[in-house]
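Taking it in order: structure first as structure tokens, then the write-up.
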Amino acid sequence: MSSRKKNLAVFCSGGGSNFKALHQHIQERNLPCQIVMCLSNNSQSGAMQFARENGIDAVHLSSKVVPEEAAFAQAMLSELEKRQVDLILLAGYMKRVPKAVVERYPKRILNIHPALLPKFGGEGMYGINVHRAVLEAKEKESGATVHFVDEHYDEGEIIIQGKVSIAPDETPESLASKVLEVEHRIYTEALVKVLEKMN
Ligand code: GAR
């Protein structure tokens with residue numbers, strides 16, 4: 001059993017507020033892990049800029065550049081393996097993780113989803129679409145879920161959830177910002193739980 005800090009890879013497509021919150025909490029709480037890379041399909045994303053500014057390897061990997069599926073998966077695996085990544089955290093990563101990578105990291109890939117799974121998950125349910133669907137369904141509450149990634153979209157074992165109540169005048173945007181606050185809190189809690197089980 002090794003006592004070295006666990007190496008984390010964070011996958012992002014957008015602004016990366018969850019990535020930034022994780023980075024901050026890992027430092028403030030002196031957690032036994034370190035973010036060794038940020039991978040993104042978007043080289044100009046806020047997440048990638050944050051990585052570069054904070055001395056974290058920013059790895060751009062896009063199917064536009066590597067269109068062949070097996071080669072894409074291999075490129076991803078080689079970036080992970082060369083940094084001895086123990087855990088992958090999807091934080092607003094809007095692409096599917098290749099099957100070969102999911103199989104190589106069983107119970108080692110986490111995702112955060114902006115709703116209370118199993119409701120409002122699956123294909124097409126990302127970002128603001130999720131909050132629109134929640135309001136259209138006239139739900140009384142929503143929230144966020146951190147779960148393990150398996151071969152089925154948004155269906156892996158749930159690690160933690162956090163709830164928010166929905167106000168009568170709620171808009172998709174106001175709900176998104178309430179849920180995002182919960183996300184920033186529970187992603188670190190989920191990480192702590194998973195790290196405890198790994199030691
Ligand atoms: C977050 O709300 C996250 O839950 C969502 O994208 C946003 C990314 O924000 N992810 C999904 O919808 C995945 N299905 P961030 O880039 O500021 O962390």
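The values are calculated or read from the model by the stated rules, or taken from the named source; none is laboratory data. Since the structure is predicted, the reported quantities are computational estimates derived from the model, not experimental observations. Cβ placement follows ideal geometry from the backbone for every residue including glycine, while neighbour counts extend to all protein chains displayed.
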When you look at Lys119, is it in a loop (DSSP other than H, G, I, E, B), closer than 28 Å to Leu61 by Cα and either touching a strand residue (DSSP E or B) at 6+ places or on another chain (Cβ under 7 Å) or within 16 Å of the ligand (Cβ to nearest atom) (or both), yes or no? no
Taking Leu110 and the conditions (1) in contact (Cβ under 8 Å) with a residue 60 or more places away in the chain; (2) within 26 Å of Val59 (Cβ to Cβ); (3) away from the ligand (no atom under 16 Å from the Cβ), which numbered condition does it fall short on, given that it satisfies the others? (3)
Go through the residues of segment 80-103 one by one and say whether even a single one is surrounded by fewer than 19 Cβ atoms within 10 Å (Cβ to Cβ) and of a type in the set (S, T, N, Q). yes
Is it true that Lys107 is over 13 Å from the mean Cα position of the chain (by Cα), surrounded by fewer than 21 Cβ atoms within 10 Å (Cβ to Cβ), of a type in the set (Lys, Arg) and closer than 21 Å to Phe19 by Cα? yes
Looking only at segment 126-165, count how many residues are part of a loop (DSSP other than H, G, I, E, B), in contact with a helix residue (DSSP H, G or I) (Cβ under 8 Å, 6 or more places away or on another chain) and at pLDDT 95 or above. 1
Selection from segment 144-158 of residues that are touching a Leu at 6+ places or on another chain (Cβ under 7 Å) and surrounded by fewer than 22 Cβ atoms within 10 Å (Cβ to Cβ): Phe148, Asp154, Ile158
When you go through His152, His131, His147 one by one, which is the residue that is within 22 Å of Ser17 (Cα to Cα) and without any contact (Cβ under 8 Å) to a residue 40 or more places away in the chain? His147
Scan (1) over 14 Å from the mean Cα position of the chain (by Cα); (2) assigned to a helix (DSSP H, G or I) for the single condition Asn42 breaks and write down its number. (2)
Which of the residues that make up segment 166-189 are in a helix (DSSP H, G or I) and over 20 Å from Gly127 (Cβ atoms)? Thr188, Glu189
